[in-house]
1. In the stretch 44-69, which residues are open to solvent by 30 Å² or more (accessible area, probe 1.4 Å), touching a helix residue (DSSP H, G or I) at 6+ places or on another chain (Cβ under 8 Å) and more than 12 Å from Ser133 (Cα to Cα)?
2. Tell me which of these Asp76 doesn't satisfy, since it passes every other one: (1) touching a residue at least 40 places away in the same chain (Cβ under 8 Å); (2) assigned to a strand (DSSP E or B).
3. Out of the residues in the stretch 95-153 that are β-branched (Val, Ile, Thr), touching a helix residue (DSSP H, G or I) at 6+ places or on another chain (Cβ under 9 Å) and modelled with pLDDT of 85 or more, which is farthest from Ile82 (Cα to Cα)?
4. Given the residues Asp49, Asp38, Asp124, which is the only one that is closer than 19 Å to Arg11 by Cα and among the acidic types (Asp, Glu)?
5. Please determine whether any residue of the stretch 126-134 is in contact (Cβ under 8 Å) with a residue 60 or more places away in the chain and open to solvent by 90 Å² or more (accessible area, probe 1.4 Å).
6. Please state which of the following conditions Asp92 fails to meet, knowing it meets all the rest: (1) under 25 Å from Asp138 (Cβ atoms); (2) surrounded by fewer than 15 Cβ atoms within 10 Å (Cβ to Cβ); (3) under 13 Å from the mean Cα position of the chain (by Cα).
Amino acid sequence: MIAHPMDNEIRITAATEADVPFIKSLLREAELPLEGVDDHWKTFVVARDGSKIVACGGSEPYQFAALIRSVAVAADYRKSGIGRRIVRQLLDRLASRGLREFYLLTTTAEEYFKKRGFKTIDRDEVHPQLLASREFQDACPTTAICMRLVMLS
């Protein structure tokens, strides 16, 4: 394991267009879908250790709900709290726009997101606006677990 600076030295910032190839690389490494990233990169945040991007996460905001997607942390940086910070930043940004209902699909991180307040739901409980997302259309397998978090206003 590589020694890392303290977690608070890792900055979380809005993604830029120049970050997209690095985001896609992280997603490939984590075996997450790339579909939709080019359309939604402006909603992504990235964690930077110096100039290196070590984590990312994105969202697809709709009128009444949002999809949390593409949360990935570089292997050497896992278990350091960066993923939690990425998710919190995404939720805070969306909540500041008045959104209170958040969904995600996962094949590997159900327990991780349960610890962050998400509950497992059936796909037929998903807000209809999100069903147009590539994640629901074809990017994620039909076996992916659907989860929801509702924040109180």
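The values are calculated or read from the model by the stated rules, or taken from the named source; none is laboratory data. Since the model is a prediction, treat every value here as computed from it, not as a measurement. Heads up, the Cβs are rebuilt from the backbone with ideal geometry, glycines too, and the neighbour counts pull from every protein chain shown. Accessible surface is based on the protein model in full, side chains and every heavy atom, while ligands, DNA and RNA are left aside. Shrake-Rupley method; radii C 1.70, N 1.55, O 1.52, S 1.80 Å.
1. Asp49, Gln63, Phe64 - these are the residues of the stretch 44-69 that are open to solvent by 30 Å² or more (accessible area, probe 1.4 Å), touching a helix residue (DSSP H, G or I) at 6+ places or on another chain (Cβ under 8 Å) and more than 12 Å from Ser133 (Cα to Cα).
2. It is condition (2) that Asp76 fails.
3. Taking the candidates together, the pick is Val126.
4. Details: Asp38 fails: closer than 19 Å to Arg11 by Cα; Asp124 fails: closer than 19 Å to Arg11 by Cα.
Criteria check complete, one pass: Asp49.
5. Checked the stretch 126-134: at least one residue is in contact (Cβ under 8 Å) with a residue 60 or more places away in the chain and open to solvent by 90 Å² or more (accessible area, probe 1.4 Å).
6. So Asp92 meets the others, but not (1).
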